[in-house]
Amino acid sequence: MNRKALQKLSYGVYLVTTLSEEKQYGCIVNSIMQITSTPIQIAVSLNYDNATHNAIANSGIFAVAILSTNCTLALIGGFGYRSSKDVNKFAEVPVEYVDGLPVPAESMAWMTCRVVQTMDAGSHTIFLGEVMDSAITQENAISMTYQFYHTVIKGESPKNAPTYVPSEENEN
């Protein structure tokens with residue numbers, strides 16, 4: 001089986017954040033989709049090993065920051081390759097608080113959500129969130145896709161990402 005075929009699915013690059021017990025958490029994800037329009041609900045998939053996963057499970061709320069192609073690599077790297085368990089990822093990231101959740105100023109759009117249901121997906125939990133609020137902050141920006149991230153930026157998926165392919169399989 002060629003697992004790289006799964007990378008041909010359309011994915012975006014998003015930053016999911018939450019606040020739990022007065023601490024900020026956040027991680028880069030690629031698996032988010034709108035589920036319904038009335039009420040507006042989205043689903044997000046997070047690996048059990050991410051500190052953000054447990055913080056969302058605890059708080060019951062999260063924000064999604066949609067990142068653009070002009071997003072800084074420092075933002076993606078800072079939230080994608082380090083753990084909130086070990087470092088304050090927000091230390092040098094300007095944020096505004098919406099519905100009590102940190103939203104990076106660099107996002108092109110954002111949504112705040114209340115968890116209404118969860119689904120165990122083996123290594124990940126799918127959080128179904130009802131959108132409480134949303135805004136577009138960069139009207140003409142272009143959403144970053146994983147294809148752009150992989151082909152233009154030459155970024156790789158971290159091991160907790162659903163699209164991770166071990167390096168020995170990438171050589172095929």
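One way to sum up the overall shape of the range 1-105 is the equivalent ellipsoid from its Cα gyration tensor, whose semi-axes run 22, 18, 15 Å, largest first. Summary of packing: across the peptides 78-91, 56-69, the per-residue average of other C-beta atoms within 10 Å ranks them, highest first, as 56-69, 78-91. Per residue, the accessible area of the range 1-103 comes to 51 Å², computed with a 1.4 Å probe over protein heavy atoms only. Extension gain, Ala121-Ser83: 0.36 nm per intervening residue step, less the Cα-Cα distance, totals 11.6 nm.
How high is the relative contact order of the range 1-117, in percent, counting Cα pairs under 8 Å that sit 6 or more residues apart?
Relative contact order here is 28 percent.
Using equal-weight Cα scatterers in the Debye expression, the normalised intensity of the range 1-45 in log10 at q = 0.14, 0.15, 0.18, 0.21 Å⁻¹ is -0.51, -0.57, -0.73, -0.85.
The values are calculated or read from the model by the stated rules, or taken from the named source; none is laboratory data. In this text the structure is predicted, and so the values were computed from the model without any measurement. With ideal geometry, Cβ positions are generated from the backbone for all residues, glycine too; neighbour counts draw on all protein chains shown. Accessible surface areas use protein heavy atoms only, side chains included; no ligands, DNA or RNA. Shrake-Rupley method; radii C 1.70, N 1.55, O 1.52, S 1.80 Å.
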